[in-house]
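Taken together, the values in this text are just the output of simple stated rules run on the coordinates, not laboratory data. Fair warning: this is a prediction, and the values are worked out from it, not measured in the lab. Glycine gets a Cβ as well: all are built from the backbone with ideal geometry, and neighbour counts include every protein chain shown.
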Amino acid sequence: MAFLPSRDFQLSSRFYEDIGFTKASATDNAAQFMLDEYGFWLQDYYVETWAANTMLCLYVEDIQAWARHLDSLDLPRRYGGVAKVLSPPHAQEGGTMMQFCDPAGVLWHVREL
């Protein structure tokens, strides 16, 4: 299971809950988030180079639905411009993908199954 940094732990926790992850467990300085079988630990810890070099891939059945969901959240407004969709669904490497980043700058690739 991956461990992710957060610059602002409360903001990042809210972000992941807003996009559809469920907080499965928590300690004083970390929280486990789950979405179906995907999971990670969000830490109340931040190193810029770590955040800038972290990439995760989320596989979904309907990428257009994910894109609509993320658009409906108006991430730049809700998160002060630090969390945003970086690319809408597009063809790449034999499939369809999109990208977004969380409030700490962690890059997510969303790919359609």
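Given H placed on each backbone N at 1.01 Å, which residues far from Q92 in sequence or on other chains put an amide H within less than 5 Å of it?
Residues meeting the amide H criterion: M97.
Which values of log₁₀ I(q)/I(0), to two decimal places, follow from the Debye formula for the chain at q = 0.14, 0.18, 0.21 Å⁻¹ with a uniform point scatterer at every Cα?
-0.53, -0.90, -1.22
Which of the GluC sites (Glu not before Pro) found in the range 4-104 are loop residues per DSSP with 14 or fewer other Cβ atoms within 10 Å of their Cβ?
E37, E61, E93
Within the set of other residues whose C-beta is less than 15 Å from the C-beta of D18, count the net charge using Lys and Arg as +1 and Asp and Glu as -1.
Net charge in that neighbourhood comes out at +1.
Within a 10 angstrom radius of the beta carbon, how do M1, M34 rank from fewest other beta carbons to most?
M1, M34
Under 8 Å for C-alpha pairs, at least 6 residues apart: give me the relative contact order for the range 2-112, rounded to a whole percent.
28 percent
Quick check: the angle from helix 63-72's long axis to the longest principal axis of the chain, C-alpha only, nearest 10 degrees?
Helix 63-72 sits at roughly 60 degrees to that axis.
Quickly estimate the mean residue ellipticity at 222 nm for the chain, helices only: each DSSP H run with n ≥ 4 gives -39500 (n - 2.57), and the total goes over all residues, rounded to 500. Provide the component values of the computation, followed by the final result.
Values: 4 runs with 30 residues, N = 113.
It lands at -7000 deg cm²/dmol.
Which net charge results for the neighbourhood of Q43, defined as the other residues with beta-carbon distances under 15 angstrom from its beta-carbon, given Lys and Arg at +1 and Asp and Glu at -1?
Charge balance in the 15 Å sphere: -3.
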